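As C-alpha cells, the structure follows; a few thoughts come after it.
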Amino acid sequence: MRDARIDRRLFLRGVGGATAGLAAATALSACGTGTSRTASTGTGGKGSKTVVVRDSGGSYGAALQKAIYTPFTQETGIQVKVLNLDDAPLLAQIKQGRPQCDLINNSMTAHFKYVKQDALEALDLDRLKSLKSAKIPKAQITDHAIGHSFYGQCIAYRTDAFGGKKPESWADFWDTKAFTGGRAMVSPDGDLPELEFALLADGVPMDKLYPLDVDRAFKVLTRLRPDIKKFWDSGPLPGVLLSRQEVTMSTVWDGRVADLQKQGVPVERQLNGMRRQFSGYAIAKGAAHADGAYQLMDFALRAENQAALAKAFPSNPSSPVAYEKLSEEERNALAGAPKYYDKGFDADVDWWLKNEAAVTKRWLEWARG
C-alpha cells in the first residue's frame, strides 16, 4: 500500500530530474503510469461532466473516495476520476501541455517545486468560498496551492520499556541511559532528515529553529548514532521495529501509532516537538477541467468534509473549524487537535527547498560513517 505521504524516492528522482528525464517520463505517461478509478455514485443525470484528480491511493485514496469524491459527485453530478500518478510523468505531461490530471493532491513542498517548473495554475481565490468559512490558516493559502491537512512526525515509544517512565521530549529520545534501548530515525528516502529534532534535543527553542544550524544538528546526531539501529524509509517500518522490540523508541508519522495500538502493541506517541508538514491541492497548468477542479477543491476544503475525511483516515485537517465537528474522542485522537497544536511546529518549506539537496548529501555521508 502506498502511503498518503509522498513517496520520496520517486519524488526526489521525479521532480529533481524531471527535465533531464523528460523523454523517459513522457513514454511512461503515454502508457498511463499508475492506476485509476472512478467514483461510484449511483447518480446518472450529469455523468458527462468529469474532473481528474491525482492522489496517492491506498487506504488514503479509499478514504478520499468515501469522504470526498462520492459525496462531491452526489452533490454536483460531476464524476471524479482518480489517477495514482507519480511526479515525473505528471510533470512531463504538463510540460507538453496535456496533463492527465486536473487537481493535484500532493505535499505542499512538492507543490512549491512544481511552481518552480511553471507546472501549476495561479489560483483565483475568489472561486474558493470555503477558505473563509473553514478558516484555512493564512500560511496554508498560497498563490498556487491550498493546504488541506498535515501529518506530524513525532516520537513513538514502547510503554513497557522504561519501568513506567515516559519520554517527554527529544532530549529524552537522545537520553539512552534513562531511556534504554535502540532508536530508529528516518532516512531521506522516507522523509526530510530530522535535523530539527536533534536541535530540539540540544536545547534550541521551537521558535528559534530556523534557519537550521546544520553543523550543530549533525554533531547532536553523531552522539546518538551508535544507538540508531535502523533508518526507516516507509511508514509501516517504525511500527514493525517497535513490535519486534528491535527498538524502544522511533520517530514516526503520528497516524501510524493508532494502528499499532489496535494491533495490541504497547506503544504511545509523544507530540512535544512534533514537526508538521502539510499536504494541499493545486491545479495542473493547462488542466482540461479547471472549473471542475475548482469545485472539487472548494468542496474538499469545507470544514465538514475535512472532518469527514479525518473520521475515515488519520489525517489532521488544516481547518480549525473541522475539529469542532468531531467528537471529543475523535478530536483528541488527532495530532492537530487544539490541545496538542502548540506542542509542534511547521516545517519551514522555504528553508528545506533551498537546503534539502545539500543536507541529504551530507546525511548520506554521515549515515555511512
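What to note about this one:
- What a 1.4 Å probe finds exposed on the chain is 50% carbon and sulfur by accessible area, rounded to a whole percent.
- If the Kirkwood radius is taken over C-alpha pairs of segment 137-288, then at 37 °C and 0.692 mPa s the Stokes-Einstein diffusion coefficient equals 199 µm²/s.
- Set of segment 118-152 residues, backbone N closer than 16 Å to the point 7 Å along the Cα-Cβ line of GLU75: 127-136, 148
- Neighbour-limited loop hits for GluC sites (Glu not before Pro), segment 165-233 (at most 12 other Cβ within 10 Å; DSSP other than H, G, I, E, B): GLU168
- Projected over every direction and averaged, the convex hull enclosing the alpha-carbon atoms of segment 264-362 yields 9.8 nm².
- Residues of the chain: accessible area per residue with a 1.4 Å probe, Å²: 42
- Modelled spin-label separation between GLN263 and THR180, with each label point placed 7 Å from Cα along the Cα-to-Cβ direction: 2.6 nm.
- Between helix 290-301 and the chain there is an angle of about 40 degrees, using the helix long axis and the longest principal axis of the Cα atoms.
- ³J(HN,Hα), Karplus 6.51/-1.76/1.60, whole Hz, each residue of segment 219-224, x for Gly, Pro: 4, 5, 4, 5, 4, 8
- Here the Karplus relation 6.51 cos²θ - 1.76 cosθ + 1.60, evaluated at θ = phi - 60°, turns the backbone of segment 270-277 into coupling constants of 10, 8, 4, x, 5, 9, 9, 10 Hz, with x for every Gly and Pro.
- Amide H to amide H, with H built 1.01 Å from N, SER279 comes under 5 Å of MET108, HIS148, SER149, PHE150, TYR151, counting only residues 5 or more places away or on other chains.
- Where only alpha carbons of the chain are counted, the Rg and the Dmax (Å): 20.6, 66
- Positive end of the dipole of segment 141-198 (Cβ unit charges, origin at the Cα centre): among ALA184, PHE162, HIS148, the Cα lying farthest that way belongs to PHE162.
- Highest average packing first - 319-328, 154-163, Cβ atoms within 10 Å: 154-163, 319-328
The values are calculated or read from the model by the stated rules, or taken from the named source; none is laboratory data. Note that the coordinates shown come from a computational prediction; the quantities given were computed from them, not determined experimentally. Methodologically, a virtual Cβ is constructed for each residue, glycine included, from the backbone with ideal geometry; neighbour enumeration extends over all protein chains shown. What goes into the accessible areas is simple: the full protein's heavy atoms, side chains included, and nothing from ligands, DNA or RNA. Shrake-Rupley method; radii C 1.70, N 1.55, O 1.52, S 1.80 Å.
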